[in-house]
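A short worksheet on the structure shown next.
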Amino acid sequence: MAKYQSMLVVIDPNQDDQPALRRAVYLHQRIGGRIKAFLPIYDFSYEMTTLLSPDERTAMRQGVIAQRTAWIREQAKFYLESGRAD
């Protein structure tokens, strides 16, 4: 089996079960390396940004990113706390 140094895992924001993350953690346990999770973000409220000032747009964007960051941390919490991922 090839030894990978890094794995990019795409997280599906539409489901709580993350099979790609599970598989990456399994591979990490077997061969090591690092896992980088990627969460694509699209929020319908982005469509309304033309009505907002630049500061409001930035605040909205940061709010969405903060919410998604908290969500993905919750998804990975079990693996991080058990030492299965870093």
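Since every read-out is calculated from the coordinates, none of them should be taken as a lab result. All values derive from a computational prediction rather than experimental measurement. So basically every Cβ, Gly included, is an ideal-geometry build from the backbone, and we count neighbours across all protein chains shown.
A few comments on the model shown:
- Computed [θ] at 222 nm, deg cm²/dmol, the chain (DSSP H ≥ 4; -39,500 (n - 2.57); rounded to nearest 500): -16500 deg cm²/dmol
- Nearest 10 degrees, 0 to 90: helix 19-31 Cα axis against the chain principal axis: 40 degrees
- Cβ-based net charge around G63, under 12 Å, with every Lys or Arg adding one and every Asp or Glu removing one: +1
- Contact order, relative form, for the chain: 32 percent (alpha carbon pairs under 8 Å, 6 or more residues apart, mean separation divided by residue count).
- The dipole here belongs to the chain: it is taken about the Cα centre, uses +1 on the Cβ of Lys and Arg and -1 on the Cβ of Asp and Glu, and is about 600 debye.
- Between 0 and 90°, nearest 10: helix 54-81 axis offset from the chain longest Cα axis: 20 degrees
- Radius of gyration and maximum dimension Dmax of the chain, Cα, Å: 16.2, 53
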